[in-house]
1. Which Rg and Dmax, in Å, describe the Cα atoms of the stretch 11-155?
2. How do the peptides 53-61, 113-121 rank, highest first, by the average count of neighbouring beta carbon atoms within 10 Å per residue?
3. Can you tell me the FRET efficiency between Asn139 and Gln77 if r is taken as the Cβ-Cβ distance and R0 is 30 Å, rounded to the nearest 0.05?
4. Just want to confirm a number: the relative contact order over the chain, from Cα pairs under 8 angstrom separated by 6+ residues, in percent.
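Each value in this text was obtained by applying a stated rule to the coordinates, not by laboratory testing. This is a predicted model, so every value here is computed, not measured. Here the Cβ positions follow ideal geometry from the backbone for every residue, glycine too, while neighbour counts run over all protein chains shown.
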Amino acid sequence: MPSTSLVSKLRKDYPKFMFQSASVSRWSPRDQTVYYHDNRSLHGKLNLLHELGHAIRQHQHYDQDIELLRLEREAWQTARELAPAYGLAIDDNLVESHIDSYREWIHARSRCPSCAQAGMQRSDLTYTCVLCGTEWAANDARQCGLKRYTKSQTS
C-alpha cells in the first residue's frame, strides 16, 4: 500500500462520514463518525473497515440482542467487500471470532442471576427466566463490565 494512510483514503472515498481517532473503535450514527482505535496494524485496519461497514449500512440502534448479531454480520460483510479496494483481505476466522465474542456477551446477559439458566429478552435490557421466573435488567456493557440487576418480584 502506498504511503497514504488508510484513514486518508477513506476520508476521500467517504466524505459524508467523519473519521476520528479514539480509545475504542465504534460507529456513531448521531455524529456520522467512524471512531477508530488503531489504523496501523492489520487488525486495526480491518476493524476500521468493519466500523465503516456500520456507517455505510447506516446502522442506528437495535432493540433485541439477536438483532446485534445481524448488524455485526452485515458490517463485516460490507468490510469484506471493501477490503480488496484497499489492498486488504478479511479472513473468515477473524469474522467468526468477532461474532463469537458477541454471542458470548449475549449469552452472559441472558443468564439468570438466580439459577444461571438462559432467560428470554423482553425488551432491550430486560430479561425473564423461564425456569424460576426471576426478572433482571442488564447494562449495555459492550465497553465495560457486564452487570445484571435482579428486579423486585411482584406477585
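1. Taking only Cα atoms of the stretch 11-155, I get Rg and Dmax of 17.6, 61 Å.
2. 53-61, 113-121
3. Efficiency, rounded to the nearest 0.05: 0.55.
4. 12 percent
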